[in-house]
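Visitor: This structure is in structure tokens; I'll ask about it shortly.
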Amino acid sequence: MELLALFISAILINNFVLYYFLGICPFLGVSKKLDSALSMGLAVTFVMTITAVMSWMINTWILIPYNIGYLQTVSFILVIASLVQLVEMFIRKMSPPLYQALGIYLPLITTNCAIMGLALLAARKDYGFFEAVVFGIGSGIGFTLAIVLMAGIREQLDLADVPEPLKGAGIALIVAGIMALAFTGFSGMIKL
Amino acid sequence: MSFLIPVLTMAVLSLLFSTGLVVAYKKLKVEEDPKIEAVNEALPQANCGACGFSGCRAFAEAVVKGKADSNGCPVGGNDVAAEVADILGVSAGTVLKRVARLHCRGTKEAAASRGLYLGVTTCAASHLIGGNKQCSYGCMGYGDCVLACQFNAIEMGEDGLPVVFEENCTACGKCVDACPRNLYELLPIEQNIFVYCRSLDGPKVSRKLCKNACIACGICARACPEQIFMENNLAVIHDYKKIDPEKIPAIEKCPTNAIGRFKIEKIDMNDEKEAARDEG
């Protein structure tokens, strides 16, 4: 039950994009088309899940026993960077069109603060293994949800009569702000 | 020895991950068509986007896949087209060389000034307040096109109008975008008859504003009624190739020299540049 609460909280309440404002770069960069947004979301979810597992293992089995917690940041970066490289190679091999569509944002997952944030938050909150995994999956799905919603809105926005100075990034940021505002409606639903 | 543990930890972790990546790289390696790299190397690497792709590399991929023609690079011209065609094993078509042409002859002497402009010296800024000439269609002469040109093909002339050097012009279209009054057009180099005016003002107005404006008298249209038409107080050439050369003298009777053949003394840009450098 507690895991379910954590899962829903990671998706809706403590949404990485709309609550923590982490990972805004791909959120704005790849949210122009629905299908590439979905793929980006799935790629991030995958990286987040594996990152949660790996960083939990490194943190619990290496960093804490040897009392070298200050290596958290650098070792997590190592995990994330390697994983993203792996995902990039995999996508390039399996789906070149997707590789093209994600473009520069795929290697940019490496420096995506959402993933770093996930690893650090999970470590700070002393999550157990399953909690960390659920937190990782939930956060990934939360990111996917946010970016897919955003892409859906932006596809409609292309047809809308947007004032000239607000076209492009301006209106996207306003929409993101309104979405974040809407998501605050979920806050307080679950107390963790 | 307390530093050993963190150092070893990081070393072991790095080793593990890099080994993993090496294995993954071997397994997931993508075989790329070596032609793409070869074509890419033959291209000028200006990454100007004149071919319609996002850069030379993207164009190379498109050419190899057959989505673009081997002569699609206007910057490289015939030489590059031949090289690319050679790599692909197909015959090259010839590139129709185009150059940017300015549709204005409103020199400092010819066009009436609107007053002293002391604002930001760019055409874009000047255009916002209506420009420095009374003619609201003509060249303002602050050289946004000169700045936009990556190939040293445009220089500001002494008469206040930019000069395009045919040899350097690659028809990349940067000047077309840079000109706030849309005075440039990319035209085939062999086209030798143009309308040197974009003014849509009526004859009475344009006659007052500029000595070289098209005053819509229609002399040229009467000389060649098949290919030259008057639209919105401006002569328009439909197809220069179909203009009978014998009619050209009659067309050039234009009282304001607003239509005619391209005449420009060729200046060797490089010599001039070198001379300037030597003096500096």
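The values are calculated or read from the model by the stated rules, or taken from the named source; none is laboratory data. Since the model is a prediction, treat every value here as computed from it, not as a measurement. A quick note on method: Cβ atoms are made from the backbone with ideal geometry, for glycine too, and the neighbour counts reach across all protein chains shown.
Visitor: So residue B:120 passes all but one of these: (1) hydrophobic (A, V, I, L, M, F, W, C); (2) part of a loop (DSSP other than H, G, I, E, B); (3) under 17 Å from the mean Cα position of the chain (by Cα). Which condition number does it fail?
Guide: Among (1) hydrophobic (A, V, I, L, M, F, W, C); (2) part of a loop (DSSP other than H, G, I, E, B); (3) under 17 Å from the mean Cα position of the chain (by Cα), the lone unmet condition for residue B:120 is (3).
Visitor: Right, next: Can you pull out the residues in the range B:27-57 that are facing chain A (nearest Cβ under 10 Å) and assigned to a helix (DSSP H, G or I)?
Guide: B:27, B:28
Visitor: Residues A:123, A:101, A:160, A:132: which one is more than 17 Å from residue A:21 (Cα to Cα) and outside any helix (DSSP H, G or I)?
Guide: The match here is A:160.
Visitor: Another question about this same structure. Are any residues in the range B:3-26 among the aromatic types (Phe, Trp, Tyr) and more than 7 Å from every other protein chain (Cβ to nearest Cβ), and if so, which ones?
Guide: Pass one, the range B:3-26, residues among the aromatic types (Phe, Trp, Tyr): B:3, B:17, B:25.
Of everything in the range B:3-26, just one residue is among the aromatic types (Phe, Trp, Tyr) and more than 7 Å from every other protein chain (Cβ to nearest Cβ), namely B:3.
Visitor: Answer yes or no as to whether residue B:83 is over 30 Å from residue A:74 (Cα atoms), charged (D, E, K, R), surrounded by 13 or more Cβ atoms within 10 Å (Cβ to Cβ) and within 14 Å of chain A (Cβ to nearest Cβ). Walk me through how you get there before you give the answer.
Guide: On the way: over 30 Å from residue A:74 (Cα atoms): yes; charged (D, E, K, R): yes; surrounded by 13 or more Cβ atoms within 10 Å (Cβ to Cβ): yes; within 14 Å of chain A (Cβ to nearest Cβ): no.
Considered against the rule, which asks whether it is over 30 Å from residue A:74 (Cα atoms), charged (D, E, K, R), surrounded by 13 or more Cβ atoms within 10 Å (Cβ to Cβ) and within 14 Å of chain A (Cβ to nearest Cβ), residue B:83 comes out as no.
Visitor: Moving to a separate point now. Which ones in the range B:109-158 are over 17 Å from residue B:201 (Cα atoms) and of a type in the set (Phe, Trp, Tyr)?
Guide: B:117, B:142, B:151
Table: residues versus (1) in contact with a Cys (Cβ under 7 Å, 6 or more places away or on another chain); (2) in a helix (DSSP H, G or I); (3) in contact (Cβ under 8 Å) with a residue 12 or more places away in the chain; (4) not assigned by TED's automatic domain parsing to the domain that holds residue B:248.
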{"residue": "B:180", "(1), (2), (3), (4)": "yes, no, yes, no"}
{"residue": "B:186", "(1), (2), (3), (4)": "no, no, yes, no"}
{"residue": "B:198", "(1), (2), (3), (4)": "yes, no, yes, no"}
{"residue": "B:213", "(1), (2), (3), (4)": "yes, no, yes, no"}
{"residue": "B:217", "(1), (2), (3), (4)": "no, no, yes, no"}
{"residue": "B:222", "(1), (2), (3), (4)": "no, yes, no, no"}
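Visitor: Turning to a different aspect of this structure: Quickly run through the range A:100-133 and pick out the residues that are modelled with pLDDT under 80 and among the hydroxyl-bearing types (Ser, Thr, Tyr).
Guide: A:105, A:110, A:111
Visitor: Only one of A:104, A:50, A:62 is within 11 Å of chain B (Cβ to nearest Cβ) and among the β-branched types (Val, Ile, Thr). Can you tell me which? Show your work before the answer.
Guide: Values: A:104 fails: within 11 Å of chain B (Cβ to nearest Cβ); A:50 fails: within 11 Å of chain B (Cβ to nearest Cβ).
Selected residue: A:62, the only one of A:104, A:50, A:62 that is within 11 Å of chain B (Cβ to nearest Cβ) and among the β-branched types (Val, Ile, Thr).
Visitor: Now, a different point. Suppose we keep only residues that are in contact with a helix residue (DSSP H, G or I) (Cβ under 8 Å, 6 or more places away or on another chain) and among the acidic types (Asp, Glu) within the range B:137-159. Which one would you say is surrounded by the most Cβ atoms within 10 Å (Cβ to Cβ)?
Guide: B:144
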